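Visitor: Could you have a look at this structure, given as structure tokens, before my questions?
FYI, it's all coordinate maths here, none of it is from the lab. Because the structure is predicted, anything quoted here is derived from the model rather than measured. So basically every Cβ, Gly included, is an ideal-geometry build from the backbone, and we count neighbours across all protein chains shown.
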Amino acid sequence: MIVYVALQQFCEFDLTPKQLLLDAGWEVRVNELGRRLTSEDLVQGLRDADAVVAGVEPYDATVLEALPHLQCISRCGVGMDAIDLDVARRKGIAVYTTPDEVTEPVAQMTMAMILALARNLPQHLADSRQGSWVKRPGWLLAEWTVGLVGFGRIGRTVERYLRIFGPRVLVSDPFVAPHEVPETTHWCPLPRLLAEADVVSLHANRPRQEGVLMGRAELGQMKAGGRLINTSRGYLVDEQALEAALRSGHLAAAAFDVCEQEPSRGPLIRLPQVLCTPHVASLTRASRAAMERRAVRHLLEHFTRMPTPTR
Ligand code: 8YV
């Protein structure tokens, strides 16, 4: 049995995941290209693979149709937006994710971004690099209204962390009813959240086909001087519209870990009021090792339950 590890990093902090596969008699092939794989790379690299330990590279219909042996996509991560789930289902390819391991690191990165924006850290960093010494007053989070768009595991964990700082918290999620949010928060429709929040943080699990969540209109609805944080997916935000909103001063700042194109080289990330990180919100040593171990265990358990495939 052959497993292909499509991740750009594997077993950097813990050798257990690879050892588990070897102990179970698997042949382990790894992504040696040092970058996110393209569709062509996948079709080539996974030709003989029975399973893949997957990152966020594209498993679209063309790729899945070209891989006759693939039976299991075990994601090291939570998002399934890069996988054509209809085709996977039709072809009997099982898909697993590691949501529990991702929740805390992403929620903590979100807290870091909220605090960074409340104390103007992107602007202070840009100032200091240019040799200027400007004292910009910040805000206590207790002075702010924080808007959480999406209230699944990560949104709920951010809300729990926020309690210690005491901001007013608004929640908008089409899959969560008003009575399902904690008493410490206020459920509200998206337009009201956008109009009232000092910082809006995206934790939405919205498929790419549904289009941008924060386009020109939604950014325009945001409170003047508001801020946007995105640790979910780049395609949720119209980056050109965001750049325009920041340049015009309608929005004061933004922080994001995900971009429309990754790596991002666009003008947006060079603005002094922007904090951009390279899709590392889930990446702490412990959480990454836990994600890899979980992804490998999902895969091994899957094949323990399944009859041995014949070629
Ligand atoms: C990546 C993520 O998966 O959980 C997700 O869907 O976007 C990230 O955690 C990870 O960085 C690469 O495997």
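Visitor: Mean residue ellipticity at 222 nm from the helices of the chain, using -39,500 (n - 2.57) per DSSP H segment of n ≥ 4 over the full residue count, to the nearest 500 deg cm²/dmol?
Guide: -10000 deg cm²/dmol
Visitor: Apply the Karplus parameterisation 6.51 cos²θ - 1.76 cosθ + 1.60, with θ equal to phi minus 60°, to every residue of segment 198-214 and state each ³J(HN,Hα) to the nearest whole Hz, in sequence, with x for glycine and proline.
Guide: Karplus-based 3J(HN,Hα) across segment 198-214 equals 6, 9, 10, 10, 8, 9, 9, 9, 9, x, 4, 4, 7, x, 5, 8, 10 Hz.
Visitor: Continuing with this model, one more query. Around Cys276, with a cut-off of 10 angstrom between Cβ atoms, what is the net charge of the other residues, counting Lys and Arg +1 and Asp and Glu -1?
Guide: Charge balance in the 10 Å sphere: 0.
Visitor: With a point put 7 Å past each Cα toward its Cβ, work out how far Arg89 is from Thr38 in nm, to one decimal.
Guide: Result for the modelled spin labels: 3.1 nm.
Visitor: Can you list the lysines whose alpha carbon is less than 19 Å from that of Lys18, not counting same-chain residues fewer than 8 positions off?
Guide: none
Visitor: Over all directions, what mean area does the Cα convex hull of the chain project, stated in square nanometres?
Guide: Projected area, direction-averaged: 17.3 nm².
Visitor: What would the Debye formula give as log10 I(q)/I(0) at q = 0.17, 0.18, 0.22 Å⁻¹ for the alpha-carbon point model of segment 16-77, no solvent?
Guide: -0.58, -0.65, -0.97
Visitor: Any idea what diffusion coefficient segment 103-276 gets from Stokes-Einstein, in µm²/s, Kirkwood Rh on alpha carbon pairs, 10 °C, 1.306 mPa s?
Guide: This corresponds to a translational diffusion coefficient of 98 µm²/s.
Visitor: Moving to a separate point now. What is segment 103-276's relative contact order, in percent, from Cα pairs under 8 angstrom and six or more apart in sequence?
Guide: Relative contact order for segment 103-276 comes out at 21 percent.
Visitor: Starting from the Cα-Cα distance between His302 and Glu12, subtract it from 0.36 nm times their residue separation and give me the gain in nm to one decimal.
Guide: 102.0 nm
Visitor: Here is a further query. Report, by chain and number, residues whose modeled amide H sits under 5 Å from the one on Tyr59, excluding near sequence neighbours (fewer than 5 apart, same chain).
Guide: Ile83, Asp84
Visitor: Relative to the Cα centre, what is the charge dipole magnitude of segment 56-134, using +1 at the beta carbon of each Lys and Arg, -1 at the beta carbon of each Asp and Glu, and rounding to the nearest 20 debye?
Guide: 120
Visitor: Which whole-number percent is the relative contact order of the chain (Cα, under 8 Å, 6+ apart)?
Guide: 17
Visitor: Given H placed 1.01 Å from N in the peptide plane, which residues other than close sequence neighbours of Val95 have an amide H under 5 Å from its amide H?
Guide: Ile73
Visitor: In terms of modelled amide H atoms, which long-range or inter-chain residues lie less than 5 Å from the amide H of Leu251?
Guide: Under 5 Å from the amide H of Leu251: Gly225, Leu246.
Visitor: List the lysines whose Cα sits under 22 Å from the Cα of Lys135, skipping any in the same chain fewer than 8 residues away.
Guide: Result set, ordered by chain and number: empty.
Visitor: Could I ask something else about it? Quick one: Trp187, Trp133, Trp139, Trp144, fewest Cβ neighbours within 10 Å first, how do they rank?
Guide: In increasing order of surrounding Cβ atoms, one gets Trp133, Trp139, Trp187, Trp144.
Visitor: Going 7 Å from the Cα of Tyr161 toward and past its Cβ, which residues in segment 234-262 have a backbone nitrogen under 18 Å from where you end up?
Guide: Within reach of a label on Tyr161: 254-258.
Visitor: So what J values fall out for segment 157-163 if you push phi through Karplus, 6.51 cos²θ - 1.76 cosθ + 1.60 with θ = phi - 60°, rounded to Hz, Gly and Pro as x?
Guide: Here the 3J(HN,Hα) series is 5, 4, 4, 5, 5, 5, 3 Hz.
Visitor: Step through the residues of segment 229-235 one at a time and calculate ³J(HN,Hα) from phi using the Karplus curve (6.51 cos²θ - 1.76 cosθ + 1.60, θ = phi - 60°), rounding each to whole Hz and writing x for Gly and Pro.
Guide: So the Karplus estimates, Gly and Pro as x, are 10, 10, 10, 9, 9, x, 5 Hz.
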